[in-house]
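Peer 1: Sending over a structure as structure tokens; questions will come in a sec.
The values are calculated or read from the model by the stated rules, or taken from the named source; none is laboratory data. Keep in mind that what you see is a predicted model, and the values were worked out from it rather than measured. Here the Cβ positions follow ideal geometry from the backbone for every residue, glycine too, while neighbour counts run over all protein chains shown. Keep in mind that these areas ignore ligands, DNA and RNA; they rest on the heavy atoms of the full protein, side chains included. Shrake-Rupley method; radii C 1.70, N 1.55, O 1.52, S 1.80 Å.
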Amino acid sequence: MKTLLYAALALLSSCIPPHAHVHPDSDSPQKGIVSGRVVDTNGKPLANADIVVNNAQFYNNNILGKTDANGHYSLSVNAGSWYVRGTVTVRFDNKTYVLDLFPETTGAFAGTEGAIRNLHWKLTGEKPKEFGMSGHYGGSLEVYGAIGVFFDTDNVEFTFKPVGMLIDGNAGKTLTIKTGDENAQDIPLGKYTVTARYLPTNQSMLLRQRNANQSYKNSVTASFDPTYLGATGSYQLSLEVRLP
């Protein structure tokens, strides 16, 4: 009789594994646990990404973690309302970029119920507009006319030619961007050689990086900088233009 009882208990326990053994790829969330997987722009596991589980009701109340070598993470959460965000830190062109990851599932979840929250790295696209998040995953182009010389910045067209690989290690493509167009706010981060022309007369323009103590040239080769000192997740290229 005892033998049958022990066998039944063993069978039952095998059907209900403890949470420590639940794989992060599981489709079923576990109570009190948020887990998930993070991948790069090619769909491959992204190791050492930073995960932040934020309390949706109380400021500066969060749980921090990192992904393992397989891009997995699993964190315990208390009762309350929570949401997940993540970043990846990348060294590129002798600069350090901290990039927001795209949450595949938005919205808050109850800590008592747990959740599966996967994220991935995107080069472009609009960020979810919730919990203070906004903007685009790509960099923005900021254009100024030469002081006292050129004012019609709305009619300037730029050509961005990639120099080497983009920030994610993939090849980029040449882009044509007009000042004020939507794609001027969402350029894949990388290093580019940029030229400009004035559309009304089809003239090639001279340009330089703003506040970089440069002279005007036929082209500028540069990567993106933070939109302001100390900014993360938001990058721009600021250029000044004028006619020859």
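Peer 1: Taking the Cα centre of each part, how many Å lie between region 28-73 and region 127-141?
Peer 2: Answer, in whole Å: 19.
Peer 1: Sticking with this one: Given an 8 Å cut-off on Cα distances and at least 6 residues of separation, report the relative contact order of the chain as a percent.
Peer 2: Result for the chain is 16 percent.
Peer 1: Related question: Once every Cα of the chain carries one equal point scatterer and solvent is ignored, give the base-10 log of I(q)/I(0) from the Debye formula at q = 0.12 Å⁻¹, two decimals.
Peer 2: Here the Debye-derived log intensity ratios amount to -0.77.
Peer 1: Next question, about the same structure. Once neighbouring chains are kept in place and the probe is 1.4 Å, which whole percent of the accessible area of region 104-244 is contributed by carbon and sulfur?
Peer 2: 46
Peer 1: On to the next question. For the ranges 101-111, 54-64, what's the packing order if you count other beta-carbon atoms within 10 Å of each residue, average per peptide, and put the highest first?
Peer 2: Descending packing order for the listed peptides: 101-111, 54-64.
Peer 1: Short version: ³J(HN,Hα) in whole Hz for each residue of region 102-110, in order, from phi by Karplus 6.51 cos²θ - 1.76 cosθ + 1.60 (θ = phi - 60°), x for Gly and Pro, what are they?
Peer 2: Values, residue by residue: 7, x, 5, 10, 9, x, 8, 9, 7 Hz.
Peer 1: Using alpha carbon coordinates only, what is the Rg to Rh ratio of region 125-223, with Rh defined as the Kirkwood radius?
Peer 2: 0.99
Peer 1: Can you return the aspartates and glutamates within cross-link range of Lys217? Criterion is Cα-Cα under 15 Å, with same-chain partners fewer than 8 residues away left out.
Peer 2: Cα-Cα hits under 15 Å: Glu240.
Peer 1: Between Met133 and Lys31, what FRET efficiency follows from the Cβ-Cβ distance if R0 is 30 Å, with the result rounded to 0.05?
Peer 2: Efficiency, from the Cβ-Cβ distance: 0.65.
Peer 1: Can you list the chymotrypsin sites (Phe, Trp or Tyr not before Pro) in region 138-244 that are in a DSSP coil and have 16 or fewer other beta carbons within 10 angstrom?
Peer 2: Passing sites in region 138-244 are Phe151, Tyr216, Tyr228.
Peer 1: Would you please put 31-40, 90-99 in order of how densely packed they are, using the mean number of other Cβ atoms within 10 angstrom per residue and starting with the highest? Mind dumping the intermediate values first?
Peer 2: Details: 31-40: 21.0, 90-99: 14.5.
Descending packing order for the listed peptides: 31-40, 90-99.
Peer 1: Find how much the distance from Asp181 to Thr159 grows on full extension, using 0.36 nm per residue of separation minus their present alpha carbon separation; answer in nm with one decimal.
Peer 2: Working: separation 22, 0.36 × 22 = 7.92 nm, distance 1.33 nm.
Between Asp181 and Thr159, full extension yields 6.6 nm more.
Peer 1: Now, a different point. Sorted by accessible area with a 1.4 angstrom probe, largest first, how do Ile116, Ile147 fall? Intermediate values should be presented prior to the final figure.
Peer 2: Details: Ile116 35, Ile147 150 Å².
Reading off the accessible areas and sorting them downward yields Ile147, Ile116.
Peer 1: May I ask you to give the average projected area over all directions of the convex hull of the Cα atoms of region 60-149, in nm² rounded to one decimal?
Peer 2: Computed as one quarter of the Cα hull surface, the answer is 8.9 nm².
Peer 1: Quick one: putting +1 on the C-beta of Lys and Arg, -1 on the C-beta of Asp and Glu, what dipole do you get for region 93-173 around its Cα centre, in Debye to the nearest 20?
Peer 2: Values: 7 positive and 11 negative charges, 50 e Å.
Approximately 240 debye in magnitude.
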